[in-house]
C-alpha cells in the first residue's frame, strides 16, 4: 500500500495533505467539504482535496448521510467489543496496516483552532459510546478539552506523565498504535501548541 | 604498523647470528596490520548516547515498560500463535486472550505480558522505613533469589496475574522479560502454566565472508583496572606490548598483527586510593588537617588516568582501540553508560577520529561485516543476583532469546527513563555477543530457529585472570591468550 509521501515532501509545499490511512472516513469527508472552504477563506491558500489512495474505498465520495450510517454501524460494533474496556483505543477503520511509520509533518503555518468545529463534537460522542455514564463535572468544558482528556486517559497509548500530548501522540504513531487524527489536528494548531491546557497532559503541574 | 622480527625462527637461533656485527643489507620481515572497517552501528548506538539537551527526568519509568511490552508483544504473540493455535487440551481448543485479566476459570488460553517477580529477599526501601528498630545490619548477599517464596506474576496494561505450576518454576525468568504463557485459571485466581514461549532470536543479518586467506581477530579485554602505582601488575604492560606486537618471537608478532581491533570493555580505571592519602589518615595527621569545605581536591588520585592514557596512546598508534565504560569507570552509573569523556585521556585523544574511540555501554559494532553487541557486564551481573544458577552463558543466551539485552532495567539495574523507545530491545541478533568483567572465561555458540549463529563470550577480568580473548572474525572461533608471571599461580 502506498502512503501519501508525507515525510518525504519538503516543508515548503503548500498543499495540506495528511496521512490518510489513519483516518476515519467521517473526518475525511468533512475535510473535503467543510475544512477546505473554511481554510481557503482564512489562509488564502489554494488547497487541493485529498487524492484518494487505495486505502479509502470508492465510498470516499459519499454524501454525509451515508457517512453517518456507516459510522453508526461502526459504532455499534465497537460498542459490543469494547463494552468491557473503558480505555481501549477506539478502533479506527483501517483496511491495511502499514509497515513504514510515516511521522506526519507539521505544516509551517499554525492554523488557529476552531473550537466549535462540529467534527469535534461528533468525534467526542463516538468515543463516549463505550462509557456507561456521561462524564461528570464537564459541563462548562469545551469539546476540544474533553477530546484531549479522553486521549490522555486512553491506556493503549501509554503513560501520560512527563510528556506533552503531541509527544505522546507521536510515540503512539511511531509504535503503530494508530492514534486519532482529530487529536493530532488539535495539537498542531496554534492554540494547541501554545496553551498549557491543550498542550500538556491533564496531570501537568500536579505530577 | 611495522614490527621487526629476526629472520631465524623463534625456536632455534644460531649463536653466530647473535654475536656478530650488524650486516648492512640485512632485512627483516615486517608484519603490517591490514586496514579494516570497524564502525559503530549508529542506528542502535544513537539511542544509547543521550544528548544533554534532550535528557529529561520528568517522565516516569512506566513509559519504558509500556514501550517494551508494545514492541515485544507482537513478536511473542507470533511465536505463541505458531506453537499453540489449533492445539486442544482436554478437548478444548486454546485461544489467545488479549488482556491478562480476561482469563476465565477453566478455560485454556494464552496470554502475553511482562514478568514481574516479587522477591522477598530483594532489598526493599519500604521495609526499612516501616521497621521501627534496627536489629542487625542487613547481611550483604550475592543472590536475592528465594525460589520457595518468590511469586512470579505476569503483568500487562490491565493488571497482574499470579503464575503457578511446575513449568514456571523451572524456567529462567527475571523481572522485565516479555513472555507468552499457556494455561488456565485455578480456583484461587492464579494462572496455572502449562507452557511458555519467548520471542526467540531476532533475525540476523548474513555475514559477508571475506575471500582473503589472512585471519582477522578482534581482541576483547575487560577489567584492566590500571592503577598507575608501583604495584601495577606486570601483566598489564605485557598485554599492551603483545597487542602492539612487541612481545614474543616472530610467531607471536605475526599473530598480533592479525588483530585488527581491540575493545577494552569496562573497568579500565582502578578505584584504589593512592598510598599518599592513606598516610594522611593516621590519627596525628587527622587533627592537623585543616577542615576543608566542599570537595577536597588533594584526595584525587590522577595516576590511574595518566597510566591508562599512556597505555592507550601507545596502543592507538598501533591498532584501533575502542574503550567502553564499566561500572567503576568515571562516567554515569546508570545504564546505558555514556562514553568516557576523551578529555580524561588527553594523549589518546589525539587519535580520536582515527584509531581511538570512546563508546557507550552497551554498544553495537560492525567490524568487517561481523555484527557485535557488547556490554560491560552489568546486565548479566544483575540477572545473576536474581536467579538461582550461575551459568553466565545461559543468562546471555536467554537475553538473546528474550530479545532484550537488559531486562532487569529499570527494576534493579539503574536506567535512564526512556520515553520514546526502549533501546535495549534487540531488533537484530548479533554475530558476537560479549559481556565484560565476568568471573571467568566462557564461550559457546548458540543456534537459533532460523539458522542464526551467535558466539557468546564471557570476557573475564584481566586484573584477576590475565586473559584476553581473541575472536576470529571469519570463523567465529574464540581463543584466549593468558599473561602470567611464573610463580603467581595463574593458569
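The values are calculated or read from the model by the stated rules, or taken from the named source; none is laboratory data. Model, not experiment: these values are computed from the prediction. Don't worry about glycine lacking a Cβ; one is built from the backbone with ideal geometry, like all the others, and counts go over all protein chains shown.
Taken together, the criteria exclude residue B:37 from residues that are modelled with pLDDT of 75 or more, on the phi < 0 side of the Ramachandran plot and in contact with a helix residue (DSSP H, G or I) (Cβ under 9 Å, 6 or more places away or on another chain). Looking at region B:356-451, the strands (runs of 3 or more DSSP E) lying wholly inside it that each contain 3 or more residues that are within 16 Å of the chain's Cα centre (by Cα) sit at B:363-367, B:370-375, B:432-438, B:442-447. Being farther than 17 Å from residue A:179 by Cβ and within 14 Å of chain B (Cβ to nearest Cβ) is the filter here; which residues of region A:122-166 pass it? A:161, A:162 - these are the residues of region A:122-166 that are farther than 17 Å from residue A:179 by Cβ and within 14 Å of chain B (Cβ to nearest Cβ). Residues in region B:82-100 that are at pLDDT 90 or above and surrounded by fewer than 14 Cβ atoms within 10 Å (Cβ to Cβ): B:82 alone. I'd like the residue in region B:33-55 that is out of contact with any strand residue (DSSP E or B) (no Cβ under 8 Å at 6 or more places or on another chain) and touching a residue at least 40 places away in the same chain (Cβ under 8 Å) and, out of all such residues, is surrounded by the fewest Cβ atoms within 10 Å (Cβ to Cβ). Among those that are out of contact with any strand residue (DSSP E or B) (no Cβ under 8 Å at 6 or more places or on another chain) and touching a residue at least 40 places away in the same chain (Cβ under 8 Å), it is B:55. Scanning region A:145-162 for residues that are touching a residue at least 40 places away in the same chain (Cβ under 8 Å) and in a helix (DSSP H, G or I) returns A:145, A:148, A:149, A:152, A:153, A:155, A:156, A:157. Restricting region B:96-119 to residues that are part of a loop (DSSP other than H, G, I, E, B) and within 14 Å of another protein chain (Cβ to nearest Cβ) leaves a set whose member that is farthest from residue B:78 (Cα to Cα) is B:104.
Of all residues in region A:167-180, those that are more than 8 Å from every other protein chain (Cβ to nearest Cβ) and either in contact with a strand residue (DSSP E or B) (Cβ under 8 Å, 6 or more places away or on another chain) or surrounded by 21 or more Cβ atoms within 10 Å (Cβ to Cβ) (or both) total 5.
Could you grab me the full set of residues in region B:67-95 that are within 13 Å of another protein chain (Cβ to nearest Cβ) and touching a strand residue (DSSP E or B) at 6+ places or on another chain (Cβ under 7 Å)? Answer for region B:67-95, where residues must be within 13 Å of another protein chain (Cβ to nearest Cβ) and touching a strand residue (DSSP E or B) at 6+ places or on another chain (Cβ under 7 Å): B:68, B:69, B:71, B:72, B:73. Mind checking whether some residue in region B:204-211 is touching a helix residue (DSSP H, G or I) at 6+ places or on another chain (Cβ under 7 Å), touching a residue at least 24 places away in the same chain (Cβ under 8 Å) and surrounded by fewer than 22 Cβ atoms within 10 Å (Cβ to Cβ)? Within region B:204-211, none of the residues are touching a helix residue (DSSP H, G or I) at 6+ places or on another chain (Cβ under 7 Å), touching a residue at least 24 places away in the same chain (Cβ under 8 Å) and surrounded by fewer than 22 Cβ atoms within 10 Å (Cβ to Cβ). Exactly one residue out of B:97, B:179 is touching a helix residue (DSSP H, G or I) at 6+ places or on another chain (Cβ under 9 Å) and not assigned by TED's automatic domain parsing to the domain that holds residue B:400, and it is B:179.
Is it the case that residue B:64 is surrounded by 15 or more Cβ atoms within 10 Å (Cβ to Cβ), within 11 Å of chain A (Cβ to nearest Cβ) and under 30 Å from residue B:182 (Cα atoms)? The answer is yes for residue B:64.
Candidates are the residues of region B:239-273 that are buried (at least 23 other Cβ atoms within 10 Å of the Cβ) and at positive phi; the one that is modelled with the lowest pLDDT is B:266. Residue B:191 satisfies every condition listed in (1) modelled with pLDDT of 90 or more; (2) within 22 Å of residue B:84 (Cβ to Cβ); (3) surrounded by fewer than 19 Cβ atoms within 10 Å (Cβ to Cβ) except (3). Say whether the condition of being part of a loop (DSSP other than H, G, I, E, B), farther than 24 Å from residue B:329 by Cβ and more than 14 Å from chain A (Cβ to nearest Cβ) is met by at least one residue in region B:455-464. The answer is no, given that none of the residues of region B:455-464 is part of a loop (DSSP other than H, G, I, E, B), farther than 24 Å from residue B:329 by Cβ and more than 14 Å from chain A (Cβ to nearest Cβ).
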